[in-house]
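Participant: Pasting a structure below so you can have a look.
The values are calculated or read from the model by the stated rules, or taken from the named source; none is laboratory data. This one's a predicted model, so the numbers in the text were calculated from it and none came from an experiment. Note: ideal-geometry Cβ built from the backbone for every residue, glycine included; neighbour counts use all protein chains shown. These accessible areas exclude ligands, DNA and RNA; they are computed on the full protein's heavy atoms, side chains included. Shrake-Rupley method; radii C 1.70, N 1.55, O 1.52, S 1.80 Å.
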Amino acid sequence: MVTSTATMGRSGLYDWFVQRVSAVILLAYSVFCAGWMLVNSGFGYAEWTVLFSQTWMRVFSLLALISLAGHAWVGLWVVFTDYLTERMLGPVGKVLRVLAEIVSAIIMSIYFIWGIQILWSL
């Protein structure tokens, strides 16, 4: 019998969809930023501030930040459930997995909140 472990109601299809959509958003954001840096080769702090003071860029950056958090969470969850198991590590495997998930969730939450604070305080 297959049991669901720490899925919080998710399905494999949902995880797959989050990974693909977030990857496309992160690709678009990366391509835009790289293209902007190539076009504005002599940019400095003033040009960077002007770019990020525009509402559309802040929203685009927020979307990329949300995508990064979702992409990282699904990826780490998969790694933890694949490699931190009772079968591989004995009785402490499940405890290590839950601990790793909690620590990762705390770190990602801090980075996410910090990113929003930086992004909207410009």
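Participant: Could you say which residue among Ala105, Ala46 is assigned to a helix (DSSP H, G or I), in contact (Cβ under 8 Å) with a residue 24 or more places away in the chain and hydrophobic (A, V, I, L, M, F, W, C)?
Facilitator: One residue alone meets the criteria, Ala105.
Participant: Condition check: under 24 Å from Ala23 (Cβ atoms) and either free of Cβ contacts under 8 Å to residues at least 40 places away in the same chain or not hydrophobic (A, V, I, L, M, F, W, C) (or both). Does Phe80 satisfy that? Quick ask: steps written out before the conclusion?
Facilitator: On the way: under 24 Å from Ala23 (Cβ atoms): yes; either free of Cβ contacts under 8 Å to residues at least 40 places away in the same chain or not hydrophobic (A, V, I, L, M, F, W, C) (or both): yes.
Yes: the conditions hold for Phe80.
Participant: Can I ask one more? Quick check, is Arg87 at pLDDT below 90, open to solvent by 80 Å² or more (accessible area, probe 1.4 Å) and basic (Lys, Arg)?
Facilitator: Yes: the conditions hold for Arg87.
Participant: Given the conditions (1) surrounded by 10 or more Cβ atoms within 10 Å (Cβ to Cβ); (2) at pLDDT 90 or above, and given that Ala46 satisfies all but one, which numbered condition is not satisfied?
Facilitator: Tallying (1) surrounded by 10 or more Cβ atoms within 10 Å (Cβ to Cβ); (2) at pLDDT 90 or above, Ala46 fails exactly one: (1).
Participant: Identify the residue in segment 49-65 that is open to solvent by less than 50 Å² (accessible area, probe 1.4 Å) and in contact (Cβ under 8 Å) with a residue 40 or more places away in the chain and, among all such residues, is nearest to Ser22 (Cα to Cα).
Facilitator: The selected residue is Leu65.
Participant: I would also like to ask the following. Pick from segment 90-122 the residues that are open to solvent by 80 Å² or more (accessible area, probe 1.4 Å) and aromatic (Phe, Trp, Tyr): which of them is nearest to the chain's Cα centre (by Cα)?
Facilitator: Restricting to residues being open to solvent by 80 Å² or more (accessible area, probe 1.4 Å) and aromatic (Phe, Trp, Tyr), the top hit is Tyr111.
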